[in-house]
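Trainee: First the structure, which I've put down as structure tokens, then a few questions once you've had a look.
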Amino acid sequence: MLQALREIEGGIQLSLNVAVRAPRLAVPPIFESFLRQVYFTGVTAATGVVLRACLLGVIIIAVLMDMLDADVDLAVKILLLLVFRELGPLAAAAVVILRTGTAVSAEMAMMRISGQTRALRYLGIDLYDYLVLPRVAGVMLATAVLTFYVQFLAVLGGLALSPFIIEATFTELAGRLFELFTPVDFYYSVIKSLLFGYAVAACCCWHGLNPPDLTQNAVPKVVTRAVMQSAMLVLLINAVFAYVVFGILFFGLVKANV
């Protein structure tokens, strides 16, 4: 219980420190670190998710359309409500957690254990400015971009497969998709993906800078705890956000009494 309260307090303090220091991203060394984080989280991950994202849309469409005997409207709604709104952002967040979350938490823990963070303090360099802020901001931006990349590929894969399952052309499906797509879907994805990125980066930075001990054995403990808590935070944000915006939880299984 005390450990959980300590982690919540630490997360709040880290969040406040990052928010206050946001203007310092303009400082050249911090901005360079920010760009490196964006490159690692977004650009290097992009090539690895192409096939997975396409398969996500294809599998969802193939299974659900066969089970529900879908028509054009239902097929498009599946793509928009399930793939675009929910599974796309979650898939991107999973990639960020597995690639960037593990890397950031392990890197921070190694710097803490090896004394590099202490050396930075001796040099008068603020750890939040040089280590935490660029990583949190970089992961947030890269997660948002990666989310739209995954969503685009997943929806495209679903649209490409649908004509083979139902009597509809790719043009008809795409046209109906654009008719149903609203600005709410866009803003929903942007804000949620930014929150996902923030939660993952902040959680991993905090655990990396606060290992249970200063031995090499602490690194795997830090990574495991950071990844598990990042995943829990992402699922919690997704559930709360869907309930607040659309009044649903668990992909529509629970609805608000409105």
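A quick yes/no check of all residues on (1) modelled with pLDDT of 85 or more; (2) within 24 Å of the chain's Cα centre (by Cα):
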site: Ala119; (1), (2): yes, no
site: Tyr130; (1), (2): yes, yes
site: Leu141; (1), (2): yes, yes
site: Ala144; (1), (2): yes, yes
site: Leu153; (1), (2): no, yes
site: Leu156; (1), (2): no, yes
site: Ala160; (1), (2): no, no
site: Phe170; (1), (2): no, no
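Trainee: Quick check on this structure: which one of Leu146, Leu233, Leu177, Leu153 is assigned to a helix (DSSP H, G or I), surrounded by 19 or more Cβ atoms within 10 Å (Cβ to Cβ), free of Cβ contacts under 8 Å to residues at least 60 places away in the same chain and not small (Gly, Ala, Ser)? First the steps, then the outcome.
Mentor: Details: Leu146 fails: free of Cβ contacts under 8 Å to residues at least 60 places away in the same chain; Leu177 fails: free of Cβ contacts under 8 Å to residues at least 60 places away in the same chain; Leu153 fails: free of Cβ contacts under 8 Å to residues at least 60 places away in the same chain.
One residue alone meets the criteria, Leu233.
Trainee: Let me ask you something else. Scan the stretch 39-61 for residues that are surrounded by fewer than 19 Cβ atoms within 10 Å (Cβ to Cβ), β-branched (Val, Ile, Thr) and closer than 21 Å to Val132 by Cα and jot them down.
Mentor: Hits for the stretch 39-61 are Val43, Thr44.
Trainee: Within the stretch 120-149, work out how many residues are farther than 13 Å from Gly197 by Cβ and either in contact with a Pro (Cβ under 8 Å, 6 or more places away or on another chain) or polar (S, T, N, Q) (or both).
Mentor: Qualifying residue count for the region: 1.
Trainee: Further, regarding this structure: Among the candidates Ile165, Ile191, which residue alone is at pLDDT below 85 and either surrounded by fewer than 18 Cβ atoms within 10 Å (Cβ to Cβ) or not β-branched (Val, Ile, Thr) (or both)? Steps first, answer last, please.
Mentor: Values: Ile191 fails: at pLDDT below 85.
On inspection, the qualifying residue turns out to be Ile165.
Trainee: So, one more: Only residues in the stretch 85-113 that are within 30 Å of Pro183 (Cα to Cα) count as the first member; pair them with residues that are modelled with pLDDT of 90 or more and aromatic (Phe, Trp, Tyr), Cβ under 8 angstrom, at least 6 apart or cross-chain, and list the lot.
Mentor: Note: pairs meeting the criteria are Pro89/Phe196; Ala92/Phe196; Ala93/Phe196; Val96/Phe196.
Trainee: Taking Asp213 as the residue in question, decide whether it is of a type outside the set (S, T, N, Q) and assigned to a loop (DSSP other than H, G, I, E, B).
Mentor: On the way: of a type outside the set (S, T, N, Q): yes; assigned to a loop (DSSP other than H, G, I, E, B): yes.
Yes: the conditions hold for Asp213.
Trainee: Answer yes or no: is there a residue in the stretch 55-65 that is at pLDDT below 85 and within 17 Å of Leu127 (Cα to Cα).
Mentor: Taking the stretch 55-65 first, the residues at pLDDT below 85 are 55-65.
Next cut, within 17 Å of Leu127 (Cα to Cα) only: none.
Within the stretch 55-65, not a single residue is at pLDDT below 85 and within 17 Å of Leu127 (Cα to Cα).
Trainee: Give me a count of the residues in the stretch 114-141 that are among the polar types (S, T, N, Q) and free of Cβ contacts under 8 Å to residues at least 24 places away in the same chain. Steps first, please.
Mentor: Restricting attention to the stretch 114-141, the residues satisfying the condition of being among the polar types (S, T, N, Q) are 114, 116-117.
Within this subset, residues satisfying the condition of being free of Cβ contacts under 8 Å to residues at least 24 places away in the same chain are 114, 116.
Adding up the residues that qualify gives 2.
Trainee: Among (1) under 28 Å from Leu14 (Cβ atoms); (2) in contact with a Gly (Cβ under 7 Å, 6 or more places away or on another chain); (3) among the aliphatic types (A, V, I, L, M), there is one condition Val83 misses while meeting the rest; what is its number?
Mentor: Checking Val83 against (1) under 28 Å from Leu14 (Cβ atoms); (2) in contact with a Gly (Cβ under 7 Å, 6 or more places away or on another chain); (3) among the aliphatic types (A, V, I, L, M), the one that fails is (1).
The values are calculated or read from the model by the stated rules, or taken from the named source; none is laboratory data. Note that the structure is predicted; figures quoted are calculated from it, not measured. Neighbour counts are summed over all protein chains in view; Cβ atoms, including those assigned to glycine, are modelled from backbone coordinates with ideal geometry.
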